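Accompanying notes for the structure given below.
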Amino acid sequence: MTILRTKQAVKSALQILRNSQKTIGFVPTMGALHYGHLSLVESAKLSSDVVIVSIFVNPTQFNNKEDFEKYPITIDEDLLLLEKNGVDFVFLPSVEEMYPSPILLKMDFGDLDKTLEGTFRPGHFSGVGVVVSKLLNIVKPDKSYFGQKDLQQVAVIKRLVADLSIDTEIVVVPTIREADGLAMSSRNVRLNADERLTATILYKCLDFAKDELLAGVDWFVIREKVTKRFHDEPEARLEYFELVETESLEKLEQIKGQTAVSICTAAYIGDVRLIDNISIV
Ligand code: AMP
């Protein structure tokens, strides 16, 4: 496994492979890797000749300074895991390498970034859009792998790639969960033992809401019950619990024929903010 720290090193290493008709699969991450990330790597290995993973905790997508400062960093373990899982290249740039000058560009994704996460994390998707654009320009992958866990990010990136005619296929990989349903996340390590137990409330409520919805129960009745469940849990604070059209993220009050719909949620467990979603149809 080769570690590349500069844009130029990535370009040179990958150009040789591209010239010999190898397809390049790219997995962007912020590190503190877990099996969720590794399932992206596994998908990439199955459908690309060469796999490159980036690890970069992007400062411009954190609207909360404390969240950025407390973001777990486990580079040595990450590199061991990636090597064990057959990754060919890791791009490990510094902040200066990615941002040699301050970024003036702001990205606006219309209705896609004014809802859900966008309401609670202003500027987050502009930061994501800019860093993903930079990474895709540097790596120029045939395929790029993203997790369903960040459903709104997937919607934004699909739009980014379409609007800027970026020549990469976006592959979406299902959410990997712990045995009790909690979606794997780098932030989970910040939960203490009690909070870790409480954190299952996100998936339990998504699963409950999906069953109720499919049984024909009114969405507002379901949401009321979920809100109460969060209210009864002292360590949990619900930010949103919404039924949305999966692609447009338009908020819905009922299932809409065959259109793909999902329920998305975000909540604080203690001082750790977690997100999750479940697809309904
Ligand atoms: P992050 O390091 O949190 O920025 O995540 C990097 C990529 O891994 C993103 O595309 C995430 O959606 C994806 N990812 C994170 N957690 C999971 C999970 N539990 N299952 C599948 N993919 C995930």
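The values are calculated or read from the model by the stated rules, or taken from the named source; none is laboratory data. A quick note: this is a predicted structure, and the numbers were derived from the prediction, not measured. For neighbour counting, all protein chains shown are included, and Cβ atoms are generated from backbone atoms with ideal geometry for every residue, glycine included. Just so you know, the surface numbers come from the protein's heavy atoms only, side chains and all, with ligands and any DNA or RNA stripped out. Shrake-Rupley method; radii C 1.70, N 1.55, O 1.52, S 1.80 Å.
What the chain shows is 48 Å² of accessible area per residue, with the surface traced by a 1.4 Å probe over protein heavy atoms.
Considering only protein heavy atoms and a 1.4 Å probe, what is the carbon-and-sulfur percentage of the accessible area of the chain?
Values: 7100 of 13630 Å².
Roughly 52 percent of what the probe reaches on the chain is carbon or sulfur.
Percent relative contact order of the chain, based on C-alpha pairs within less than 8 angstrom and at least six residues apart? Write down the numbers at each step before the final one.
Details: 465 pairs, mean separation 49.5, N = 281.
Once divided by the residue count of the chain, the mean separation gives 18 percent.
Counting only lysines at least 8 places from Lys7 when in the same chain, those with an alpha carbon closer than 17 Å to its own are Lys134, Lys140. Among all the aspartates and glutamates, which ones have a C-alpha under 12 Å from Lys210's C-alpha, if same-chain residues fewer than 8 places away are not counted? Within the straight-line cut-off, Lys210 pairs with Asp218, Glu242. By the helix-only formula, in which each DSSP H run with n ≥ 4 contributes -39500 (n - 2.57) and the sum is divided by residues, the chain has a 222 nm mean residue ellipticity of -11500 deg cm²/dmol.
With a cut-off of 8 Å between alpha carbons and a minimum separation of six or more residues, what is the relative contact order of the range 6-70 in percent? Display every interim value, and only then the final one.
Working: 56 pairs, mean separation 21.9, N = 65.
With pairs under 8 Å counted, the relative contact order is 34 percent.
Using the Karplus relation 6.51 cos²θ - 1.76 cosθ + 1.60 with θ = phi - 60°, the per-residue 3J(HN,Hα) values for the range 178-185 come to 6, 4, 8, x, 4, 5, 5, 7 Hz, with x marking Gly and Pro. The peptide list 260-271, 166-177, put in order of mean Cβ contacts within 10 Å with the highest first, becomes 260-271, 166-177.
Evaluate the charge dipole of the range 35-188 about its Cα centre and quote only its size in Debye, nearest 20, assuming +1 on the Cβ of each Lys and Arg and -1 on the Cβ of each Asp and Glu. Present the calculation step by step, with values, prior to reporting the outcome.
Working: 15 positive and 23 negative charges, 70 e Å.
That gives the range 35-188 a dipole magnitude of about 340 debye.
Taken as Cα centroids, the range 86-151 and the range 153-183 sit 12 Å apart, rounded to the nearest whole angstrom. Shown here for the range 52-108: trypsin sites (Lys or Arg not before Pro) in loop regions (DSSP other than H, G, I, E, B) with at most 11 other Cβ atoms within 10 Å, namely Lys106.
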